[in-house]
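What follows is a short report on a single structure.
Each reported figure results from applying straightforward, stated rules to the coordinates on display, with no laboratory input. Computed from a prediction, not measured in an experiment: that's the story for all the values here. FYI the Cβ positions are ideal-geometry reconstructions off the backbone, even for glycines, and counts take in every protein chain you see.
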Amino acid sequence: MPVGVDGCKKGWVAVVGSVPELRVYASFADLVAEVPSEGMIAVDMPIGLPEHITGGGRSPEKLVRPMLGQRQSSVFAMPARPVVEMGARMTGRTEQDYPLHRSASALAKTLSDPPKGVSIQGFYLFPKILEIDALLRANPKLCGRVKESHPEVAFTVLNNGKSMRMPKKIKGRVNPAGMEERRALLGRCGLSARFLTDTPPTGVGADDVLDAAVCWLVAGRLARAEAVSFPDPPEQDAHGLEIAIWA
């Protein structure tokens, strides 16, 4: 059973099953518990965290950006593991988390060459990254089934190597033209127009649904041994977690 997953305000939104169905989970562990043991899960979230960063992020991030043309800004540069682990101290309250972001950026600069801080977008991913990280480290057998993907990389691979022409969002707001471009590609890959245009549940953005949907296609490719990894072969972090983006 293929499962494509994206983070959302309510937790995690997933496209599940051979006939795609949309589900929302409060935790990633809840999601994994519902997936049969043979099910492949492709998630739009970094997995595998190096102890030190050289250049513009992890190896997968540096490899895929040139593929994406004007969409390469969608690939955030993840900092070193000790920086991401600061996410365990996040409260969800802006006035308290902004100072933590500054501290995380300062630490990131000491663990990267050349020194590089942390974008605010990347910073707010830390809790969800740690949620998956803890689950995989506690259950190493899941590592063969739970794989990192990235929607814009997946769209590009499925579009015969051509990146999407239009951005999905402009200044934080959904761009209708970019959404339609992605819906058209997903439709050509077999997802129904009704599924792709249904009103999403509260707390789930329409763009979250499309990202989960393209990850669902990647999960199917993984199950059929058709997916490609960046890098190939994947790297591993100090805890044995795979460092690769699959598409």
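Val64 passes every criterion in (1) surrounded by fewer than 17 Cβ atoms within 10 Å (Cβ to Cβ); (2) under 25 Å from Ile170 (Cα atoms) apart from (1). Restricted to the stretch 114-151, and to residues there that are assigned to a loop (DSSP other than H, G, I, E, B) and of a type in the set (S, T, N, Q), the residue that is farthest from the chain's Cα centre (by Cα) is Asn139.
Condition check for Ala88 on (1) among the small types (Gly, Ala, Ser); (2) surrounded by 18 or more Cβ atoms within 10 Å (Cβ to Cβ); (3) more than 15 Å from Gly122 (Cβ to Cβ): one failure, at (2).
Let's see how each residue does on (1) farther than 27 Å from Gly87 by Cα; (2) polar (S, T, N, Q); (3) in contact (Cβ under 8 Å) with a residue 12 or more places away in the chain:
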| position | (1), (2), (3) |
| --- | --- |
| Ile129 | no, no, yes |
| Leu142 | no, no, yes |
| Arg145 | no, no, yes |
| His150 | no, no, yes |
| Asn159 | yes, yes, yes |
| Ser163 | yes, yes, yes |
| Gly178 | yes, no, yes |
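Residue count for the stretch 38-96 under the criterion of being of a type in the set (Asp, Glu), over 19 Å from the mean Cα position of the chain (by Cα) and not in a helix (DSSP H, G or I): the result is 2.
Could you grab me the full set of residues in the stretch 18-66 that are of a type in the set (Lys, Arg) and touching a residue at least 60 places away in the same chain (Cβ under 8 Å)? Steps first, answer last, please.
Filtering the stretch 18-66 down to residues of a type in the set (Lys, Arg) leaves 23, 58, 62, 65.
Arg58, the sole residue that qualifies.
Checked against the criterion of being in contact with a Phe, Trp or Tyr (Cβ under 7 Å, 6 or more places away or on another chain) and buried (at least 21 other Cβ atoms within 10 Å of the Cβ), the candidates Lys147, Lys168 yield just one match: Lys147. Out of the residues in the stretch 208-236 that are of a type outside the set (A, V, I, L, M, F, W, C) and touching a helix residue (DSSP H, G or I) at 6+ places or on another chain (Cβ under 7 Å), state the one that is surrounded by the most Cβ atoms within 10 Å (Cβ to Cβ). Among residues in the stretch 208-236 that are of a type outside the set (A, V, I, L, M, F, W, C) and touching a helix residue (DSSP H, G or I) at 6+ places or on another chain (Cβ under 7 Å), the one surrounded by the most Cβ atoms within 10 Å (Cβ to Cβ) is Asp211. Of all residues in the stretch 182-206, those that are surrounded by 12 or more Cβ atoms within 10 Å (Cβ to Cβ) have Cβ atoms under 9 Å from Cβ atoms of residues that are of a type in the set (Lys, Arg) and assigned to a loop (DSSP other than H, G, I, E, B), 6 or more apart or on another chain, in Arg182/Lys168; Pro201/Lys10; Gly203/Lys9; Gly203/Lys10; Val204/Lys9; Val204/Lys10; Gly205/Lys9.
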